[in-house]
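Read the structure below first, then the notes.
The values are calculated or read from the model by the stated rules, or taken from the named source; none is laboratory data. This structure is a prediction, so every number in the text was calculated from the model and none was measured. Note that we place each Cβ from the backbone using ideal geometry, even for glycine, and neighbour counts take in every protein chain shown. In case anyone asks, the SASA skips ligands and DNA or RNA and just uses the protein heavy atoms, side chains included. Shrake-Rupley method; radii C 1.70, N 1.55, O 1.52, S 1.80 Å.
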Amino acid sequence: MTNTEKRTTFWERNRKSGGYLLRKRIWAWTFSIARGILLFGLCFMIVQPLLQKVSVSFMTQNDLYDKSITSIPRHFSTQAFSSAWIVLEKWVAFGNSLWLSAAVGLLQVLSCTLVGYGFARYKFPGKKLLFGCVILMLIVPPSTIITPLYMNFRNFFGTGLNLSKTGIPYLIMCATCSGYKAGLYIYMMRQHFRNEPKELEEAAYVDGCGRLRTFFQILLPGAIPMMVSVFLFAFVWQWTDTVYSRVFYPTADWKLVANRLANSGVLYDGTQKQLYGNLYQTPLIFQNQVQAAATLLVLAPLLIIYVVAQKSFVESVSQSGIKG
Amino acid sequence: MSKNVNDSELRADENLEQAAETTESVLDDLVTTAPNPEGTRKSKQRNLARGNAIAGFLFVLPFIIGFLAFLAYPLFQSIRMSMSSVNVKSFTFTHIGIFNKNSNYYYIFFRDSKFIEKAVDELKRVALFVPGILVFSFFMAVLLNQEFKGRALVRSIYFLPVILAAGAFLGLESNNPLISNVKDMVKAENGAAAITKTLENILLSGETGNTFFQYVIDLVGRVYDIAMSSGIQIIVFLSGLQTIPPSMYEAAKMEGCTAWESFWKITFPLIGSMIMVNIVYTMVDFFTRTDSQLMDYISYVMTTEFDYGRVAAMSWAYFLVVGLFLALVFAIFSRRVYYYD
């Protein structure tokens, strides 16, 4: 009974409104269909290279030459992955990258949190100038300072210590807020502390809490989500960085996934040459297949992190964007 | 007595002004003015301010050290390098200067045909991409801000480039002929390319506005690159959109505002500060990218010709131009941004 009433009422209401309701309904439908198509198309465009890599890296080498196979391999094989695993030095490169990225992320978070808090809550002479320096740090292209940095680390600020082949210089840089994209992290942390209510600290001070204790006991717990996302950004960007690591760690000594991945084609060729002799030239198509598989392997941990911590990635950026 | 008090207050004022200049004087003042019997609430406040200033300095100290040691000093060195010829083995500099025919700057601007060409290409690329990325990310943010099924999934796919477009992954796509071959094949078979090609021909056959159409067509052709570098920008715009109170739109609708009007009168002005943030972020992102042709050229000179002086000169020339551009953009846009508070 109520159903029929409703059905009739829609058309009645439509007639009463002079066809406005129907037009509105149709417009809403077409709009959402168009939006769906557009969003799907663009999503597909972003994901497509990944899917392509997945399909290519599961093919056997015969399938690669078969023009009739474009996306779904006819003969499944994990050969490319095992080659890529060898190119990436099995667990060695992953282990190195893992501890380096974790250490870099941790140091960057700790130093940038302190500095961000200082910028957000304390007034001191020259603060604006210093914050200008943070912005300067953001916009200086790495290529401008990388050669002098390398020189300084070969002869550590005149002390004669050669640190260029150890990981120490880069860790020092991270601990003093001048690692990769540190300016951005300082900015994010500052933005976070600025949004915290001031009453929180005032109450702590009134209750006789010192400055350090206020920071560590009152403000730090609230900042942990932001710190986690800064850590994640630092981790991800260090994991894929090839610029700093190429300068501070010569590839021969330091096996990092990003470096191995960037040269994966050549490295694969090298392993094949060991097998078949120096005259053997690995076809480019095989090199590319191994590269695709290696990309997937390197990307896998990041994708897992992203899926687990997507909220923290997005929220940190949106929080620091407000009142930019 | 009262005069004395006034005097001491005056002195304290002066002290405060001096304290505002350097840290060392802050420390001195702490010692000299701390035992102040007439010191009432005011001097206590001053002490607090001084203590805060010192604490602030201590908090920021890691950055100051890092900035001086790993940014300011290397920058200074690289200026020196750019003005001299560098002996690679001993890392000693021989001063040349800027305005003579032997200098590195003279070389890169008047003898090196590649540098100018690549730098101009890079600037053109930025000029092409920045408006494209802004429009695309704003459009996507408006779409993703609406309610529909599967929004969370779609959002997470759009933010994926934040990870995918980083460091080592950037250069791999275009260098991988296997994957681009497949792309070309798919394009040719679908005929999708043909439709856009026809459209392009029709649009370009007109008499006027050809350069504009060419520009738009260029952008559409690179929509993948644009989408890959606008992850952060979409998030920033989205968060900006979410801060606009819905009651504003409701009020506008009551007054008879159409969606188009409320977009231009409410959304656009209120998102102004985000546009500013995104312009600066995108420009900085592009200029500091390591996968550009110019950076490749610079690292090529560095690793094969070992001419570090020339490398420094190239980076500095490029950095100055970039800084100029950023300052220009900042000057133009920062005045027009409207802050709603």
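Filtering B:L143, B:L153 for residues that are open to solvent by 50 Å² or more (accessible area, probe 1.4 Å), at the interface with chain A (Cβ under 9 Å from one of its Cβ atoms) and either in contact with a Pro (Cβ under 6 Å, 6 or more places away or on another chain) or modelled with pLDDT of 80 or more (or both) leaves a single hit, B:L153.
Please enumerate the residues belonging to the stretch B:278-315 that are in a helix (DSSP H, G or I), closer than 22 Å to A:L136 by Cα and at pLDDT below 80.
Filtering the stretch B:278-315 for residues in a helix (DSSP H, G or I) gives B:278-287, B:293-305, B:308-315.
Restricting the remaining residues to those that are closer than 22 Å to A:L136 by Cα gives B:278-287, B:294-295, B:298, B:311-315.
Once the filter is applied, which keeps residues that are in a helix (DSSP H, G or I), closer than 22 Å to A:L136 by Cα and at pLDDT below 80, the stretch B:278-315 yields B:F287, B:L294, B:M295, B:I298.
Scanning the stretch B:213-240 for residues that are facing another protein chain (nearest Cβ under 10 Å) and hydroxyl-bearing (S, T, Y) yields B:Y224, B:S239. Taking first residues from the stretch B:310-324 that are more than 7 Å from chain A (Cβ to nearest Cβ) and partners that are among the polar types (S, T, N, Q) and in a helix (DSSP H, G or I), the Cβ contacts under 7 Å between residues at least 6 apart in sequence or on separate chains come to B:R310/B:N104; B:A313/B:S82; B:A313/B:N104.
Scanning for something buried (at least 17 other Cβ atoms within 10 Å of the Cβ), in a loop (DSSP other than H, G, I, E, B), within 13 Å of chain A (Cβ to nearest Cβ) and at pLDDT 60 or above, does the stretch B:125-132 turn up at least one residue? Taking every residue of the stretch B:125-132 in turn, none turns out to be buried (at least 17 other Cβ atoms within 10 Å of the Cβ), in a loop (DSSP other than H, G, I, E, B), within 13 Å of chain A (Cβ to nearest Cβ) and at pLDDT 60 or above.
For the stretch A:119-126, indicate whether the set of residues that are within 11 Å of another protein chain (Cβ to nearest Cβ) and exposed (fewer than 13 other Cβ atoms within 10 Å of the Cβ) is non-empty.
Filtering the stretch A:119-126 down to residues within 11 Å of another protein chain (Cβ to nearest Cβ) leaves A:119-126.
Checking which are exposed (fewer than 13 other Cβ atoms within 10 Å of the Cβ) leaves us with A:123.
Yes, that holds for at least one residue.
Looking only at the stretch A:33-43, decide whether some residue is open to solvent by 40 Å² or more (accessible area, probe 1.4 Å), in a helix (DSSP H, G or I), in contact with a Phe, Trp or Tyr (Cβ under 8 Å, 6 or more places away or on another chain) and within 10 Å of chain B (Cβ to nearest Cβ). No, because not a single residue in the stretch A:33-43 is open to solvent by 40 Å² or more (accessible area, probe 1.4 Å), in a helix (DSSP H, G or I), in contact with a Phe, Trp or Tyr (Cβ under 8 Å, 6 or more places away or on another chain) and within 10 Å of chain B (Cβ to nearest Cβ).
Can you pull out the residues in the stretch B:268-302 that are polar (S, T, N, Q) and without any contact (Cβ under 8 Å) to a residue 60 or more places away in the chain?
Going residue by residue through the stretch B:268-302, those that are polar (S, T, N, Q) are B:273, B:278, B:282, B:288, B:290, B:292-293, B:299.
Matches in the stretch B:268-302: B:T288, B:S299.
Within the bounds of the stretch B:214-221, is there any residue that is within 21 Å of A:F233 (Cα to Cα), open to solvent by 80 Å² or more (accessible area, probe 1.4 Å) and modelled with pLDDT of 75 or more?
no
This table checks each residue for (1) open to solvent by 40 Å² or more (accessible area, probe 1.4 Å); (2) under 19 Å from B:I235 (Cβ atoms); (3) under 26 Å from the mean Cα position of the chain (by Cα); (4) in the same structural domain as B:I235 (by TED's automatic domain parsing).
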| residue | (1), (2), (3), (4) |
| --- | --- |
| B:Y249 | yes, no, no, yes |
| B:S262 | no, no, no, yes |
| B:M274 | no, yes, yes, yes |
| B:D285 | no, yes, yes, yes |
| B:Y300 | yes, no, yes, yes |
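For the stretch A:231-245, the count of residues that are more than 25 Å from the chain's Cα centre (by Cα) and among the aliphatic types (A, V, I, L, M) is zero.
Please return the ranges of helices (runs of 4 or more DSSP H) entirely within the stretch A:185-295 where 1 or more residues are open to solvent by 40 Å² or more (accessible area, probe 1.4 Å) and facing chain B (nearest Cβ under 10 Å).
Numbers: elements: A:198-206, A:220-239, A:243-248, A:257-262, A:264-276.
Correct list: A:198-206, A:243-248, A:257-262.
B:S103 fulfils the conditions (1) of a type in the set (G, A, S); (2) assigned by TED's automatic domain parsing to the domain that holds B:V322; (3) modelled with pLDDT under 80; (4) out of contact with any Asp or Glu (no Cβ under 6 Å at 6 or more places or on another chain) except for a single criterion, (2).
Is it the case that the stretch B:328-340 has a residue that's among the small types (G, A, S) and at pLDDT 80 or above? Even if it seems obvious, please write down each step before you answer.
Step one: of the stretch B:328-340, the residues among the small types (G, A, S) are B:331, B:334.
Filter once more, so that each one left must be at pLDDT 80 or above: B:331.
So far as the stretch B:328-340 goes, yes, one or more of its residues are among the small types (G, A, S) and at pLDDT 80 or above.
Restricting attention to the stretch A:155-169, does a residue exist that is farther than 30 Å from B:R50 by Cβ, within 9 Å of chain B (Cβ to nearest Cβ), at pLDDT below 80 and out of contact with any helix residue (DSSP H, G or I) (no Cβ under 6 Å at 6 or more places or on another chain)? Yes, there is a match, as at least one residue in the stretch A:155-169 is farther than 30 Å from B:R50 by Cβ, within 9 Å of chain B (Cβ to nearest Cβ), at pLDDT below 80 and out of contact with any helix residue (DSSP H, G or I) (no Cβ under 6 Å at 6 or more places or on another chain).
For A:R194, indicate whether it is closer than 29 Å to A:V140 by Cβ and in contact with an Asp or Glu (Cβ under 7 Å, 6 or more places away or on another chain). Steps first, answer last, please.
On the way: closer than 29 Å to A:V140 by Cβ: yes; in contact with an Asp or Glu (Cβ under 7 Å, 6 or more places away or on another chain): no.
No, not satisfied.
For the stretch A:273-319, a tally of residues being closer than 25 Å to A:L51 by Cα and of a type in the set (F, W, Y) returns 3.
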